[in-house]
1. Which residues, counting only those in region 119-144, are within 22 Å of Gly239 (Cβ to Cβ) and over 16 Å from the mean Cα position of the chain (by Cα)?
2. Quick one: which of Asp243, Asp296 is touching a Pro at 6+ places or on another chain (Cβ under 7 Å) and among the acidic types (Asp, Glu)?
3. Taking Leu320 and the conditions (1) in contact (Cβ under 8 Å) with a residue 40 or more places away in the chain; (2) more than 12 Å from the chain's Cα centre (by Cα); (3) assigned to a loop (DSSP other than H, G, I, E, B); (4) surrounded by 22 or more Cβ atoms within 10 Å (Cβ to Cβ), which numbered condition does it fall short on, given that it satisfies the others?
4. With the requirement that a residue be on the phi < 0 side of the Ramachandran plot and not in a strand (DSSP E or B), what does region 127-145 give you?
5. What is the residue count in region 295-315 for residues that are in contact with a strand residue (DSSP E or B) (Cβ under 9 Å, 6 or more places away or on another chain) and either free of Cβ contacts under 8 Å to residues at least 12 places away in the same chain or not in a strand (DSSP E or B) (or both)?
6. Applying the selection to region 98-126, what residues are in a strand (DSSP E or B), of a type outside the set (Phe, Trp, Tyr) and either free of Cβ contacts under 8 Å to residues at least 12 places away in the same chain or more than 16 Å from Thr166 (Cβ to Cβ) (or both)?
7. As an exercise: evaluate Trp148 against (1) closer than 23 Å to Ile69 by Cβ; (2) modelled with pLDDT of 95 or more; (3) not in a strand (DSSP E or B) and give the number of the one condition it does not meet.
Amino acid sequence: MRRVLLFLVFASLIYAQPADAKSPVGIVRNFGPDLSAQCNLPEGIAADPRGRIYASSLNFNATSGSANICVLDRDGNIVDLISVAPATSSGVAKLLGMLFVPNEGLYVTDIGGGRVIRVDVRTHAVTPIASGFQAPNAIARDRLGNLWVSDSFLGTITKIAPGGATTTYSYPTELAPLAGETPGFGANGVAFDRNERFLYVAETSRDQIYRIRYDNGTLGAIDLFAQGVAGGALDGADGIAFDVKGNLYVCSNQSDEIAVLDTAGDVVAEYRGTGADAFSSPASLVFRGRTVYVTDLALFHGGAGQKLSVFTAPHAGASLVIGARGQGDGELGDGQPGDTDDQGDD
């Protein structure tokens, strides 16, 4: 009952607020074209300081060949295609999580090659960063410059230091997928809270969000933060991201919604969309100011609805790249110093 009351109060507040110039708060709409041809089964998403949006192709049913990253401008036009070749000549590229870091490039996980790569978005050059994963999925970055990568099959989180050294932390009881689940993903989306006290991890097969104690580049104890329900909030918990108020946005890929959790782990809002603008297996999300972009994987809809969606949130997104002008740079209102949480995305 408490969750229902919180949601009703929250919803009444956000819909009473002034909308930004593009869309009222909470109204989900399609962004850009159908991506089935250029970026089959769009999974990962990232944004750069100039407002470009990157969507990766999971390429789920492919058995060989390259996969694309679609680059869209602010109006939703595809302005570039980055082709990523497989790790081996006989392999297949299957791209998942992405993170854009200024002056470094676009970090991407490739489940087909069991690796993490860095892509130069101007030259399209691909540099291997780390390998040996079974199912590398989402990527987060701490203020020390370490990358943190979830492995959905092993239930692990791997730290990739700036020099390339790796350290793996295993949480098989909490983060390894349940037996018999399809497609069998455990640890999925990852995100640090604003103060970097915890690394939050979505667990897809159990519909849960965990948090892992973080201290100066080291992970510690893990505990349950939020439990979802089948057919509702967190069902198929996937990509996650924080806003500047500490609310956690969670893609629920099997219930076709994005749930918002407050700092206590309670559901305070759920976004779905309607009709042709409804979500279709939402997989990942990224903030640009208060504007939230979402990949619609469409994996549980027979491939129908392979697209991006967009909606306006009540508050701006928290910075994903602390200490660098990064994904959702200061001009985009991502909550870096000088931003206000009620500004638009432009």
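1. Val119, Val121, Ile129, Ala130, Phe133, Gln134, Arg143
2. Going through Asp243, Asp296 in turn, just one is touching a Pro at 6+ places or on another chain (Cβ under 7 Å) and among the acidic types (Asp, Glu): Asp296.
3. Every listed condition holds for Leu320 apart from (2).
4. Phe133, Gln134, Ala135, Asp142, Arg143, Leu144
5. Our first condition is that a residue be in contact with a strand residue (DSSP E or B) (Cβ under 9 Å, 6 or more places away or on another chain); within region 295-315, this holds for 295-299, 305-315.
Retained after the next criterion (residues that are either free of Cβ contacts under 8 Å to residues at least 12 places away in the same chain or not in a strand (DSSP E or B) (or both)): 297-299, 305-306, 313-315.
Number of matching residues: 8.
6. Here is the first cut: in region 98-126, the residues in a strand (DSSP E or B) are 98-101, 105-110, 115-119, 126.
Okay, now just the ones that are also of a type outside the set (Phe, Trp, Tyr), so 98-99, 101, 105-106, 108-110, 115-119, 126.
Across region 98-126, the qualifying residues are Met98, Leu99, Val101, Gly105, Leu106, Val108, Val119, Val126.
7. Single failed check for Trp148: (3).
Quick grid of which residues meet (1) free of Cβ contacts under 8 Å to residues at least 24 places away in the same chain; (2) of a type in the set (D, E, K, R); (3) farther than 25 Å from Val108 by Cα:
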{"site": "Ser205", "(1), (2), (3)": "no, no, no"}
{"site": "Gln227", "(1), (2), (3)": "yes, no, yes"}
{"site": "Leu234", "(1), (2), (3)": "no, no, no"}
{"site": "Ala241", "(1), (2), (3)": "no, no, no"}
{"site": "Tyr249", "(1), (2), (3)": "no, no, no"}
{"site": "Ser252", "(1), (2), (3)": "no, no, no"}
{"site": "Asp256", "(1), (2), (3)": "no, yes, no"}
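The values are calculated or read from the model by the stated rules, or taken from the named source; none is laboratory data. A quick note: this is a predicted structure, and the numbers were derived from the prediction, not measured. Note that each Cβ is placed from the backbone with ideal geometry, even for glycine, and that neighbours are counted across all protein chains shown.
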